[in-house]
1. Find the residue count for region 212-230, including only residues that are surrounded by fewer than 17 Cβ atoms within 10 Å (Cβ to Cβ) and assigned to a helix (DSSP H, G or I).
2. Tally up the residues in region 330-373 that are of a type in the set (Ser, Thr, Tyr) and farther than 12 Å from ALA313 by Cβ, please.
3. If LEU390 satisfies every condition in (1) among the hydrophobic types (A, V, I, L, M, F, W, C); (2) open to solvent by 20 Å² or more (accessible area, probe 1.4 Å); (3) in contact (Cβ under 8 Å) with a residue 12 or more places away in the chain but one, which is the exception?
4. Could you check region 152-176 and list, in sequence order, the residues that are open to solvent by 70 Å² or more (accessible area, probe 1.4 Å) and within 15 Å of LEU127 (Cβ to Cβ)?
5. Need pairs with beta-carbon distance below 6 Å; first residue free of Cβ contacts under 8 Å to residues at least 12 places away in the same chain and within region 355-369, second open to solvent by 40 Å² or more (accessible area, probe 1.4 Å); sequence gap 6+ or separate chains.
6. In contact (Cβ under 8 Å) with a residue 40 or more places away in the chain and either assigned to a helix (DSSP H, G or I) or in contact with a Gly (Cβ under 9 Å, 6 or more places away or on another chain) (or both): which single residue out of ALA147, ALA122 fits that description?
7. Which one of ALA290, ALA320, ALA297 is in a helix (DSSP H, G or I) and either modelled with pLDDT under 95 or under 19 Å from SER74 (Cα atoms) (or both)?
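The values are calculated or read from the model by the stated rules, or taken from the named source; none is laboratory data. Every value quoted in this text rests on a predicted model; they were computed, and no experiment measured them. Using ideal geometry, Cβ is built from the backbone for each residue, glycine included, and neighbour counts are taken over all protein chains shown. Heavy atoms of the whole protein, side chains included, go into the accessibility calculation; ligands, DNA and RNA do not. Shrake-Rupley method; radii C 1.70, N 1.55, O 1.52, S 1.80 Å.
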Amino acid sequence: MRAFMAFLLASGLCAAGDDFDRLMKQGREAFLKSDFATAAETYRKACAPELLNTYTASRLAFCEHHLATTDAASGHAAQAVEHYQRALDEWEKAGAFYRVSSVITLMNLGELHRREHRPAEAAKAMLRAVDIAREIAKQFPQAYPEALSRLGGLYAESEEPERGRALLNDAIDRFGKLATPEPAELGYARNALGMVELAASSYKAAESNLREAVTLATSSLGEDHAETATYQMDLALVLLQEGQFERAETLLRRARFVMEARLGPSNPRVGTVLVELSAAALGQGKRGIAEEYGQQAVAVISRQPVVQPADLALANVNLATVYMREGRTRDAEKILPAAVATERQVAAKSRLLADGLRRLAELRATQHSWRESAALYKEAIAIYEVKLGLNSPELAPVMRACAGVLRHDPDSKEDAKTFETRAKAILSFGPTD
């Protein structure tokens, strides 16, 4: 599927005309090298306004689709959405053969909405992609599992992780039955499934799937591809949760190098790498380095043409955590409450919010604001119980911290005993993964 647009161009099926084909191929080559400025310029030459009236519907669709990809890669989301919508209109006019192309455009549109934290719009595009891919499965068997994996990845991030897991397992099974393997797409599905398992604290399953994703991406896309680096970042998240900070740091340094080389040092994904590097450094007691990474992450994310509130909030929560470990509660106070307030707005009932609430509860405890701290801990625990399960080992330290805060309130000592007892019971179950 990734190669389908290139196949159409190479075979001349998109339109007749050597100059158009040549320019579109050059644009794609530049795009694959992450040279988005050159790609956009080349596509604009192929799709000059004075030529559009002479083009067939398929050629117009190619123009709109590829202009959308460069806009999306350059952070111009609104323009990209408009181009993708026009591409879909033209694919429909172009006829039945190009229905598979509309699947590709819909998946790209869905991924764009997903990155922009617009799940309803993302689901609408991806569900339509799945429906079309199912209808053309005999002619293009690779389209259906790919569309399933994209939809599964979206649900995995939402309130329906089990639905996401089922779709991803279905996609992985279908990829395995294809006559022509699709290692890059299988890698995407494995990575998405790994993130589902990570969210459920099933670390062994998460690490297994994420390692497989990295292997598949390395073999099919190359070690220096941005997607391979993204999967390395996700694998590093598991290692961070498992306390394997040095191993995580090794992966993240490599991912940062690739991201900066391929996408540029100001790309938002570089900001995400820096957040994780900060956490890895903090886990090793390298507080100064952790602070430096954390500040760099905030700077990169803040400089985006359209700042994503959830990404910035995560970076600020991470930086505030570093400040707290350094005993700089005043600096933490300047950014942590606002970051958690943002998470309440854009990530309600999510683990992201629970993590932020936990850090803010810690801050309030250091300030001896016991009742506020207890309320924050309880709110975080309620979210963790939904996201992780009532008996997740990760709940125990949060419950014990909450119990410690409650002991400072004479009227809450029984409540403190309840949380302490629950923590002990959870730990008695042993690891769940």
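1. Counting residues in region 212-230 that are surrounded by fewer than 17 Cβ atoms within 10 Å (Cβ to Cβ) and assigned to a helix (DSSP H, G or I) gives 2.
2. Within region 330-373, the first condition is being of a type in the set (Ser, Thr, Tyr), and the residues that meet it are 342, 350, 366, 369, 373.
Pick out the ones that are also farther than 12 Å from ALA313 by Cβ and you get 366, 369, 373.
Here the count works out to 3.
3. Among (1) among the hydrophobic types (A, V, I, L, M, F, W, C); (2) open to solvent by 20 Å² or more (accessible area, probe 1.4 Å); (3) in contact (Cβ under 8 Å) with a residue 12 or more places away in the chain, LEU390 violates only (3).
4. GLU160, ARG163
5. Every condition considered, no pair remains.
6. Working: ALA122 fails: in contact (Cβ under 8 Å) with a residue 40 or more places away in the chain.
Every option except ALA147 fails the conditions.
7. So the residue among ALA290, ALA320, ALA297 that is in a helix (DSSP H, G or I) and either modelled with pLDDT under 95 or under 19 Å from SER74 (Cα atoms) (or both) is ALA297.
Residue-by-condition table, conditions (1) more than 18 Å from LEU32 (Cα to Cα); (2) at pLDDT below 95; (3) surrounded by fewer than 18 Cβ atoms within 10 Å (Cβ to Cβ); (4) of a type outside the set (Phe, Trp, Tyr):
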| site | (1), (2), (3), (4) |
| --- | --- |
| THR54 | yes, yes, yes, yes |
| GLU82 | yes, no, yes, yes |
| PHE97 | yes, yes, yes, no |
| GLU121 | yes, no, yes, yes |
